[in-house]
Every structure is written in C-alpha cells, then in structure tokens.
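Undergrad: Please find one structure pasted underneath; my questions will follow.
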Amino acid sequence: MKNKILLLTATHGDEAFSIPVVKKLSKTFKFDWLISNQKAYELKKRFFERDLNRSGPGNPNSKLYERRRAFELIKLASQYDYVIDIHGTIADTGLFVILSDPNWRNIEFAKQINLKNVVLWPSLKPTGPLTQFIPNSLEIECGSKNSPLVAKKLKTVLFEFLSGVKSKQPKQYYIVSGQFRSKTKLELKDFTPTRYKNQTIIPLMPGQYQQNSCYLLQKLNDTL
C-alpha cells in the first residue's frame, strides 16, 4: 500500500456524484480511491441485491454480492490510516460528518474535517455501515446530491483535508435518537429545531426515506 488515505465512492450506486470530484483531486494529491459498489453503480441503482452500507461486517462466503463486497472492502480499508466514505442524499442537509463508530479516535478524525455538524449514528444491530467496522473511518453525507454547489463544497472540504489544512470550524455534535412519523405535513429542515405537539424535535433527512418522515437528533455537548 502506497498511500495512507482511502476515499470510497458510490457505496450506493445512485450516489455517484462524488466520482468526478475525487478524480479531479487525485490529479493533485496522493490517495487511493475506488467505487465501492460497481454493480449498483453500473445500474444506477442504490444497491444490486441488498444495501451495501448495511452489510458490514460482510461474509466472504455469502451468495449475496453486497455481503461479499462488504467483507472485501472492510478488509482492504482497514489497512489505511484514514478512510472517508462519501454519501449523498436528496434531502437538503448540506455537508456533515457521520460517525458509525463514535470512538475517540474517530472523533479526533472528524475534527480534521472542516464541517460543523457531526452526527453520531451507531447501528444497534450486528450488521451495519461499512465505517462501523473500519478503524479510523467516517462518512461525509452530502445533500442535495444533485446540487453543483454541494459537489463544489465537497471538493473544497476534501481539498483542505488532503492539504493538511487544520480545521477551524467549531463542531456541533448530535446523536440519532430515533425516527419521526407524522400524518400531518410539516415544514422540516435539517438540524433546525421545530416545535411539534409541545415538544422540540431536531430533524435529519426529511423526505429521504419512505418509512419515516425523518430521523430525530439529540444535540450533544459541543466541547468533545
């Protein structure tokens, strides 16, 4: 292995917006990168047989492509000092960091990324996101994934990290505390507190998933 940094793109096949960004950066910086889910990427679908980002730790003997691929990716990525898995959403989230394994090493890694919002989102199941099983790794979520401005912001954030520019962005930490469902149509905005039935909720990714209106965030101490 020649490089210390690995960037993962298109873990979901319909989130290929980051590939042109990473290709451009690879002309300037030394890092490794790959398309995580080649089969889904070729079909322009979220996954081929099942969600790759819910297939960790994987199984090399599985009949399912994504489970075999998850095992391969985790084994490979675990050799690197820093791993960033880039994702995209249709929700208007802007860019933020997700820590699937919010240990202190990953929190320190997140402090190097020049983004304000850091979401702690561990899986409570034996299977989960790739970064939950890769040491020193995180996700960067980008929304809306179809926005040229979001792609430009992603390029800037990665450029600064690859350049070794120290992030001066104060961090605000959240943890995903559940899901929110409502038959009443509400105006929900990511990371923005909203009053609902005499309580305050903080939404994440409203409109992204069919099974719930959004995820719920709990704001944490921002001095981690």
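The values are calculated or read from the model by the stated rules, or taken from the named source; none is laboratory data. Note that the structure is a prediction, hence the values are computed from the model and not measured. Every residue, glycine as well, gets a Cβ built from its backbone with ideal geometry; the counts of neighbours run over all protein chains shown.
Undergrad: Report the residue count in the range 77-101 for those that are small (Gly, Ala, Ser) and buried (at least 21 other Cβ atoms within 10 Å of the Cβ).
TA: First, pick out the residues of the range 77-101 that are small (Gly, Ala, Ser): 77-78, 88, 91, 94, 100.
Narrowing further to those that are buried (at least 21 other Cβ atoms within 10 Å of the Cβ): 77, 88, 91, 100.
The number of residues fulfilling the criteria is 4.
Undergrad: Just need a number here: residues in the range 63-92 that are at pLDDT 95 or above and either of a type in the set (Gly, Ala, Ser) or assigned to a loop (DSSP other than H, G, I, E, B) (or both).
TA: 9
Undergrad: Oh, and also: Pairs under 9 Å by beta carbon, first residue free of Cβ contacts under 8 Å to residues at least 40 places away in the same chain in the range 143-154, partner surrounded by 20 or more Cβ atoms within 10 Å (Cβ to Cβ), six or more apart or different chains?
TA: Ser147/Phe17; Lys152/Val21
Undergrad: Now, a different point. What residue, of Pro203, Pro170, is surrounded by 15 or more Cβ atoms within 10 Å (Cβ to Cβ) and closer than 23 Å to Trp121 by Cα? Walk me through how you get there before you give the answer.
TA: Numbers: Pro170 fails: surrounded by 15 or more Cβ atoms within 10 Å (Cβ to Cβ).
Testing whether each residue is surrounded by 15 or more Cβ atoms within 10 Å (Cβ to Cβ) and closer than 23 Å to Trp121 by Cα leaves just Pro203.
Undergrad: Looking only at the range 31-45, which residues are more than 23 Å from Leu158 (Cβ to Cβ) and buried (at least 16 other Cβ atoms within 10 Å of the Cβ)?
TA: Once the filter is applied, which keeps residues that are more than 23 Å from Leu158 (Cβ to Cβ) and buried (at least 16 other Cβ atoms within 10 Å of the Cβ), the range 31-45 yields only Lys39.
Undergrad: A follow-up question, please. Which condition number does Ile140 fail, the rest of (1) closer than 17 Å to Thr93 by Cβ; (2) assigned to a loop (DSSP other than H, G, I, E, B) being met?
TA: Of everything listed in (1) closer than 17 Å to Thr93 by Cβ; (2) assigned to a loop (DSSP other than H, G, I, E, B), Ile140 misses just condition (2).
Undergrad: May I pose another question? Taking Arg54 as the residue in question, decide whether it is closer than 26 Å to Met205 by Cα, at pLDDT 95 or above and surrounded by 14 or more Cβ atoms within 10 Å (Cβ to Cβ).
TA: On the way: closer than 26 Å to Met205 by Cα: yes; at pLDDT 95 or above: yes; surrounded by 14 or more Cβ atoms within 10 Å (Cβ to Cβ): yes.
In short, yes.
Undergrad: Hey, Tyr174 hits all of (1) of a type in the set (Ser, Thr, Tyr); (2) within 29 Å of Pro57 (Cα to Cα); (3) free of Cβ contacts under 8 Å to residues at least 24 places away in the same chain but one; which does it fall short on?
TA: Exception for Tyr174: condition (3).
Undergrad: Is it the case that some residue within the range 102-124 is modelled with pLDDT under 95, of a type in the set (Ser, Thr, Tyr), surrounded by fewer than 17 Cβ atoms within 10 Å (Cβ to Cβ) and outside any strand (DSSP E or B)?
TA: Yes, that holds for at least one residue.
Undergrad: Now for a separate question. Before we move on, is Lys152 surrounded by fewer than 21 Cβ atoms within 10 Å (Cβ to Cβ) and not in a loop (DSSP other than H, G, I, E, B)?
TA: Considered against the rule, which asks whether it is surrounded by fewer than 21 Cβ atoms within 10 Å (Cβ to Cβ) and not in a loop (DSSP other than H, G, I, E, B), Lys152 comes out as yes.
Undergrad: Something else: With the requirement that a residue be out of contact with any Gly (no Cβ under 9 Å at 6 or more places or on another chain) and closer than 18 Å to Thr89 by Cα, what does the range 188-211 give you? Lay out the reasoning, then the answer.
TA: Taking the range 188-211 and keeping what is out of contact with any Gly (no Cβ under 9 Å at 6 or more places or on another chain), we get 189, 192-204, 206-207, 209-211.
Lys189, Thr192, Ile202, Pro203, Leu204, Pro206, Gly207, Tyr209, Gln210, Gln211, listed by residue number.
Undergrad: Check whether at least one residue in the range 1-13 is part of a helix (DSSP H, G or I), surrounded by fewer than 18 Cβ atoms within 10 Å (Cβ to Cβ) and either of a type in the set (D, E, K, R) or free of Cβ contacts under 8 Å to residues at least 60 places away in the same chain (or both), and report yes or no.
TA: Quick first cut of the range 1-13, residues part of a helix (DSSP H, G or I) only: none.
Checked against the condition, which is being part of a helix (DSSP H, G or I), surrounded by fewer than 18 Cβ atoms within 10 Å (Cβ to Cβ) and either of a type in the set (D, E, K, R) or free of Cβ contacts under 8 Å to residues at least 60 places away in the same chain (or both), the range 1-13 yields no hits at all.
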